[in-house]
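The values are calculated or read from the model by the stated rules, or taken from the named source; none is laboratory data. Everything numeric in this text was worked out from a predicted model, so none of it was measured. Ideal geometry is used to build each Cβ from the backbone, glycine not excepted, and the neighbour counts take in all protein chains shown.
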Amino acid sequence: MFKRLSLCLFALSLSLGFSHAQTSHKNVYEITIQNLTTGQPLTPSLLVVHSSRSKIVRVGETASDGLGALAKDGTTQAIVSELKSKKSVDFVKVGRGLIFPGQKESLRIETSSKRVKLSIVSMLARTNDAISVLNSASLRLRRGQVVTYFTNVYDAGVELNTESCSDIPAPPCSSPNSGVAEDSFIRPHPGVQLIGDLEANRDTFASEVSKVTIKRIK
């Protein structure tokens, strides 16, 4: 039942990737993202390699237009365009498609810098604007070293949590580009409140919604 959304988000994420790295010697990492929810699909993951002085998601601050678009509908074009202009960003990659509950996706990233951080953002597709975030994980690993993190869930503060199907992009709702705007800031998500059309057994989630495994390949 997710076919239409999958195809749409897959098309939006195609070819969205770039690197500021210019040297031939690059460190390569394999990133595996596993959806730990019972029913929430995660939109294509945005992976960003950046300097230790910058942050892609700043809790307590207003989301950028690009991050807001990702949080509301899972789209990544706007935030990738924003990131291209930042000297603090070394590499960006967008995942191949939705990650369904219990499923995994593995992606490779590369960077020529040793002093870098990795951030990963995706939308919980059956919410108004909840985002799964790994914020500034260190990539200073030895070859073959593996580390594991668990992402946190934040409310992006850009759309009211109506929990109404008319405002939610994922099936069975299938209502992207809608919702009531909220002028607020990024904050921990309170979870599904069951005030609209969302269902407890299908749509609720814990504070940690995905497991991220980082392995340095070379």
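When the residues of region 186-215 are filtered to those that are surrounded by fewer than 16 Cβ atoms within 10 Å (Cβ to Cβ) and of a type in the set (A, V, I, L, M, F, W, C), which remaining residue is farthest from A137 (Cα to Cα)?
I195
When region 70-107 is examined, which residues are found to be within 23 Å of R126 (Cβ to Cβ), part of a helix (DSSP H, G or I) and in contact (Cβ under 8 Å) with a residue 24 or more places away in the chain?
L70, A71, K72, D73, Q77, I79 - these are the residues of region 70-107 that are within 23 Å of R126 (Cβ to Cβ), part of a helix (DSSP H, G or I) and in contact (Cβ under 8 Å) with a residue 24 or more places away in the chain.
Do we find that K55 is more than 11 Å from the chain's Cα centre (by Cα), among the charged types (D, E, K, R), within 26 Å of A181 (Cα to Cα) and modelled with pLDDT under 95 in this structure?
yes
Restricting region 187-218 to residues that are of a type in the set (K, R) and in a strand (DSSP E or B), which is farthest from V158 (Cα to Cα)?
So, considering only residues that are of a type in the set (K, R) and in a strand (DSSP E or B), the one farthest from V158 (Cα to Cα) is R216.
What single numbered condition from (1) assigned to a loop (DSSP other than H, G, I, E, B); (2) within 15 Å of L118 (Cβ to Cβ) fails to hold for N135?
(1)
Restricting attention to region 55-66, which residues are touching a strand residue (DSSP E or B) at 6+ places or on another chain (Cβ under 9 Å) and either surrounded by 24 or more Cβ atoms within 10 Å (Cβ to Cβ) or of a type in the set (D, E) (or both)?
The answer is I56, A63.
Tell me whether region 161-177 contains one or more residues that are modelled with pLDDT of 95 or more, more than 17 Å from the chain's Cα centre (by Cα), surrounded by 14 or more Cβ atoms within 10 Å (Cβ to Cβ) and part of a strand (DSSP E or B).
No, there is no match, as no residue in region 161-177 is modelled with pLDDT of 95 or more, more than 17 Å from the chain's Cα centre (by Cα), surrounded by 14 or more Cβ atoms within 10 Å (Cβ to Cβ) and part of a strand (DSSP E or B).
Residue by residue through region 151-160, note down the ones that are outside any loop (DSSP other than H, G, I, E, B) and under 19 Å from N135 (Cα atoms).
N152, V153, Y154, D155
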